[in-house]
1. Note down all Cβ pairs under 6 Å where the first residue falls in the stretch 23-47 and is in contact (Cβ under 8 Å) with a residue 40 or more places away in the chain and outside any loop (DSSP other than H, G, I, E, B), the second is aromatic (Phe, Trp, Tyr) and buried (at least 18 other Cβ atoms within 10 Å of the Cβ), and they're at least six residues apart or on different chains.
2. Taking the stretch 46-101, which residues are on the phi > 0 side of the Ramachandran plot and among the hydrophobic types (A, V, I, L, M, F, W, C)?
3. Can you name every residue in the stretch 186-204 that is closer than 15 Å to residue 174 by Cα, out of contact with any Gly (no Cβ under 8 Å at 6 or more places or on another chain) and open to solvent by 10 Å² or more (accessible area, probe 1.4 Å)?
4. Please find, among 264, 345, the residue that is touching a Ser or Thr at 6+ places or on another chain (Cβ under 8 Å), open to solvent by less than 40 Å² (accessible area, probe 1.4 Å), of a type in the set (A, V, I, L, M) and within 30 Å of residue 71 (Cβ to Cβ).
5. Condition (residue is open to solvent by 10 Å² or more (accessible area, probe 1.4 Å) and either in a strand (DSSP E or B) or touching a Lys or Arg at 6+ places or on another chain (Cβ under 8 Å) (or both)) applied to the stretch 386-395: is it met by at least one residue?
6. Consider only pairs whose beta carbons are under 6 Å apart and that are at least six residues apart or on different chains; among these, list those whose first residue lies in the stretch 387-402 and is at negative phi and whose second residue is of a type in the set (Phe, Trp, Tyr).
7. Could you list all residues from the stretch 188-225 that are in a loop (DSSP other than H, G, I, E, B) and either among the aromatic types (Phe, Trp, Tyr) or modelled with pLDDT of 95 or more (or both)?
8. Read through the list (1) more than 30 Å from residue 364 (Cα to Cα); (2) among the charged types (D, E, K, R); (3) in a helix (DSSP H, G or I); (4) in contact (Cβ under 8 Å) with a residue 40 or more places away in the chain, then give the number of the only condition that residue 89 fails.
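The values are calculated or read from the model by the stated rules, or taken from the named source; none is laboratory data. Everything numeric in this text was worked out from a predicted model, so none of it was measured. Note: ideal-geometry Cβ built from the backbone for every residue, glycine included; neighbour counts use all protein chains shown. All accessible areas refer to the heavy atoms of the entire protein, side chains included, with ligands and DNA or RNA removed. Shrake-Rupley method; radii C 1.70, N 1.55, O 1.52, S 1.80 Å.
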Amino acid sequence: MTRASYDVLVVGAGAAGMTAAIEAGRRGRRVLVVDHAANPGEKIRISGGGRCNFTNLGCGPANFLGENPRFATSALRRYTQHDFVKRVDRAGIAWHEKTLGQLFCDDSAKQIVRMLTDDMAAAGVTLKMKTGVDRLDRSGDGWRVVLSDGTQVTATALVVATGGKSIPKMGATGWAYEVARQFDIRVTETRPALVPLTFEAGLLETLAPLAGVAVDATVASAPEGAKARKASFSEAMLFTHRGLSGPAILQISSYWREGEAIVAAMAPGRNVFDELKAAKTANGRQAVHTALGHIVPRRLAESLCEREGAAGNLADLSDATLRRLDQAVNAWSVKPVGSEGYRTAEVTLGGIDTAALDQQTLAAKTVPGLYFIGEAVDVTGWLGGYNFQWAWSSGWAAGQVC
């Protein structure tokens, strides 16, 4: 059996793991990174349509969910989005800002992966791909790990950076949670987040003609109870063959729970009743679906008119009918039956209980030399570069001490 000794073993060659490895290597630590995937940074490579939404200019603790979202504050403030932007600039990677502070590479997400792998090499980090962990044990003050290639590794510090369950085709397994449970560290409820929502068959049949229709919408959660997770997002919403998608829906999915409704305003900021009333006065012979089609996409207008029993010319319709259309457009309450699951979820909500971790270092409080970083932790960001920033920040924080 081959034996090797390192100061730090990082499991997971993603955004958080590579960042932690770089920082530890720069401190002179002997670092080994292992990952069962064929190539490092695969989730980085596919993100943002291949251009990697690598951070968000507005990133702060308010953009995160979890049992204690304030846990992220220390790491986010010590290694900020501006720190990462400077790093990208030093690497000569051109970038641009899209809507809502989202930053993307001008060229390819592969540039971010290359920056990280180059930095690991410069810091003396050893990288082994197509290599997993077969067995993990405490050994005195450190760790004894048997890798899938038979190598026995001893290390002082173990950094778990294997992410959550999202996108299993990329190799996600939830292994971090198994490690936590092995050492009696609580794992909070996990569920898919930033994921399209699905409808029951009857509603899908009704809405089938709308598949492919997109609108700018304000979508709000509608939970019940004093501890309700109320939230609202104004972005694009897309009707699909399974239900709803688009940025506004992905955002609200992190707050939605089974049995709850969401409420969508599909012409936010517009008084649909007033506009239809004015159209009726100007041209009462205009068909109601035509008038409504000037406010929302025509296919959506036709569907809403059919649903509300609003047919014929505007002149023939009562104010009550026009008000129903107003409600149908800007107060559409609908109950999804589920989500598309981890297969398409961008992140996993929940994870390693933050109460078990030191917020300065991401170290497990009860297990010396054990660290959990990135998506594995119960810190989940909004859509738009926030989860990458948590990866950079949490990886950086652990890398200062591991």
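1. Pairs found: 23/396; 32/6.
2. Hits for the stretch 46-101 are 52, 100.
3. Once the filter is applied, which keeps residues that are closer than 15 Å to residue 174 by Cα, out of contact with any Gly (no Cβ under 8 Å at 6 or more places or on another chain) and open to solvent by 10 Å² or more (accessible area, probe 1.4 Å), the stretch 186-204 yields only 186.
4. None of the other options fit; the residue is 345.
5. No; the residues of the stretch 386-395 include none that is open to solvent by 10 Å² or more (accessible area, probe 1.4 Å) and either in a strand (DSSP E or B) or touching a Lys or Arg at 6+ places or on another chain (Cβ under 8 Å) (or both).
6. 388/54; 392/84; 393/79; 396/79; 398/371; 402/371
7. 188, 189, 190, 194, 195, 196, 199, 200, 211, 212, 213
8. Among (1) more than 30 Å from residue 364 (Cα to Cα); (2) among the charged types (D, E, K, R); (3) in a helix (DSSP H, G or I); (4) in contact (Cβ under 8 Å) with a residue 40 or more places away in the chain, the lone unmet condition for residue 89 is (4).
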